[in-house]
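Input: a single structure, listed below in structure tokens.
Bear in mind these aren't lab numbers, they're just calculated from the coordinates by the rules spelled out. Just so you know, these numbers come straight off a predicted model, no measurement behind them. Here the Cβ positions follow ideal geometry from the backbone for every residue, glycine too, while neighbour counts run over all protein chains shown.
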Amino acid sequence: MKTNKSQAGFSLIELLIVVAIIGIIAAIAIPNLLASKRAANEGSAVASMRTITSAEATYAATAGDGEYGDLPALAGQGLVDSVLGGTNGEKSGYTFVATASGDGSAADPYVYLSTSTPQAVASVTATGTRKFASDATGVIYSEAAADTDPMTAASGTPIGN
């Protein structure tokens, strides 16, 4: 009596081909995923800058009596969320800072400058490629984030509001 043993399964070559195909797909998909995450972080940063700009105008018109406030002051009035208005001002891979100055006189009017800077710019896991700034004019500006230094003035390219 003859018995026929059949062996079902995949050969080593077939498994190596499948692993190679998965590697190629990953090599294509991962950079696109990281680019999408950076774009989402930048979109969130622009939205947060719009929130800060509106909050500064509201704060100056109400609680500030013409003066602008920093992020904790805006958060204290409920104008920005606790994450954005926290002591670190970090949200979606960006660091936010709002500084108010001026004494209200004609020579030194009340002004503010809010900035957002990506937390990492030079690695594969960069959180953004642009930094943003806004001032009392309400215009949001952007410039390339070659380093993590914040913008020192609202100079750069205005973005579409």
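Cα extents of region 4-54 along the three principal axes, largest first, in whole Å?
Computed over region 4-54, the largest-to-smallest principal extents equal 80, 17, 7 Å.
So how much slack lies between Phe10 and Ala35, counting 0.36 nm per residue of separation and subtracting their Cα-Cα distance, in nm?
5.4 nm
If the only charges are +1 at each Lys and Arg Cβ and -1 at each Asp and Glu Cβ, what is the size of the charge dipole of region 1-104 around the Cα centre, to the nearest 20 debye?
1160
Going by alpha carbons, how many degrees (0 to 90, nearest 10) lie between the helix axis of 12-61 and the longest principal axis of the chain?
10
Using Cα pairs under 8 angstrom and six or more residues apart, how large is the relative contact order of the chain, in percent?
The normalised contact order for the chain reaches 17 percent.
What FRET efficiency would be calculated for the residue pair Glu90, Asp65, taking the C-beta separation as r and a Förster radius of 41 Å, to the nearest 0.05?
0.90
Once amide H atoms are built 1.01 Å from N in the peptide plane, which residues 5 or more positions from Ile140, or in another chain, come under 5 Å H to H?
Residues meeting the criterion, in which the H sits 1.01 Å from N, are Ile159.
Amide H neighbours of Lys91 under 5 Å, at least 5 residues apart or on other chains, H built in the peptide plane: list them.
Sorted by chain and number, the residues that satisfy this are Phe96.
Enumerate by residue number the trypsin sites (Lys or Arg not before Pro) in region 1-61 meeting two conditions: DSSP loop (anything except H, G, I, E, B), and at most 16 other Cβ atoms within 10 Å of the site's Cβ.
Lys2, Lys5
For region 66-119, what is the convex hull volume of its Cα atoms per residue in Å³?
Taking only Cα atoms, region 66-119 has a hull volume of 67 Å³ per residue.
Under the Karplus relation 6.51 cos²θ - 1.76 cosθ + 1.60, θ = phi - 60°, what is the ordered set of whole-Hz ³J(HN,Hα) values for region 123-139, x standing for Gly and Pro?
10, 5, 9, 4, 8, x, 10, 10, 10, 10, 8, 9, 9, 5, 6, x, 8
How long are the semi-axes of the ellipsoid equivalent to region 12-158, from square roots of 5 times the Cα gyration tensor eigenvalues, in whole Å, largest first?
Listed largest to smallest, the semi-axes of region 12-158 are 41, 15, 10 Å.
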